[in-house]
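In what follows, a structure is listed as structure tokens, so that the remarks can point back to it.
The values are calculated or read from the model by the stated rules, or taken from the named source; none is laboratory data. Remember, it's a predicted structure, so these values are computed and weren't measured experimentally. Here Cβ is always computed from backbone atoms with ideal geometry, including for glycine, and neighbour counts include all displayed protein chains.
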Amino acid sequence: MRRSAALALTVTCVWLLGGQMVWAQPYGDKAHAELAKALKGAKVSLAKGLVASERAGQPISGKFEVEHGKLQLSVYTMKGEQFSEVIVDHTTGKVAKVEPMTSAEDLAAAKTQAEAMTKAKQSLRAAVDQAANANKGYRPVSVFPALKDGHPVAEVTLARGGAFKTISEPLD
């Protein structure tokens, strides 16, 4: 109870003081613990993964994730009306696979992300770089665009050890 109250107070204070922290994940979250452990083997940054995926289209989101027990760097891209998932090798930075999206759930997410990116004046990579520069010691692990009050923002999740936090970076 004390820990959650302290976290709530911290988030409230940061918000009131104009900070950009949106939330912080508890250390006991199993999925985040698994991701934190797997990230130790990643030699490529999220920003470099976004750049590598550009050959398949404009990056509209990206994340490190553990898929079937293995770390994966996945980037959603759009080219015209087509959406793809690009898998970037997290050790070399080369595109390992490009698959057209067919799942209704993935397509719905991609369309929402694409809508936000059509209003963006800066790239997801720029937002990831800003978040990394403002949060020394943290590693960007995911970025998702969204519209907030009609303005495009990038929700960037950062990790340091087992600690995760998400901040909003403006895209306009």
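Things worth noting here:
- Some residue of region 68-89 being in a loop (DSSP other than H, G, I, E, B) and closer than 17 Å to GLY49 by Cβ: yes
- Among the residues of this structure, ALA110 counts as one that is under 14 Å from GLY57 (Cα atoms) and under 15 Å from the mean Cα position of the chain (by Cα).
- Restricting region 97-149 to residues that are in contact with a Lys or Arg (Cβ under 9 Å, 6 or more places away or on another chain) and of a type in the set (Val, Ile, Thr), the residue that is nearest to PHE164 (Cα to Cα) is VAL141.
- Residue within region 74-94 that is free of Cβ contacts under 8 Å to residues at least 40 places away in the same chain, surrounded by 15 or more Cβ atoms within 10 Å (Cβ to Cβ) and under 18 Å from LEU158 (Cα atoms) present: yes
- Cβ-Cβ distances below 6 Å connect no pair with a first residue in region 29-57 that is on the phi > 0 side of the Ramachandran plot and without any contact (Cβ under 8 Å) to a residue 40 or more places away in the chain, a second residue that is among the hydrophobic types (A, V, I, L, M, F, W, C) and surrounded by fewer than 18 Cβ atoms within 10 Å (Cβ to Cβ), and a separation of six or more residues or different chains.
- Residues satisfying the stated conditions in region 96-142, i.e. surrounded by 13 or more Cβ atoms within 10 Å (Cβ to Cβ), closer than 19 Å to ALA47 by Cβ and not hydrophobic (A, V, I, L, M, F, W, C): GLN113, GLN122, SER123, ARG125, ASP129, GLN130, ASN135, TYR138, ARG139, PRO140, SER142
- Tabulated pairs, region 102-129, first of a type in the set (A, V, I, L, M), second surrounded by fewer than 14 Cβ atoms within 10 Å (Cβ to Cβ) and modelled with pLDDT of 95 or more, C-beta under 9 angstrom, 6+ apart or interchain: none
- Residue tally, condition surrounded by fewer than 18 Cβ atoms within 10 Å (Cβ to Cβ), modelled with pLDDT of 85 or more and among the aliphatic types (A, V, I, L, M), over region 14-37: 2
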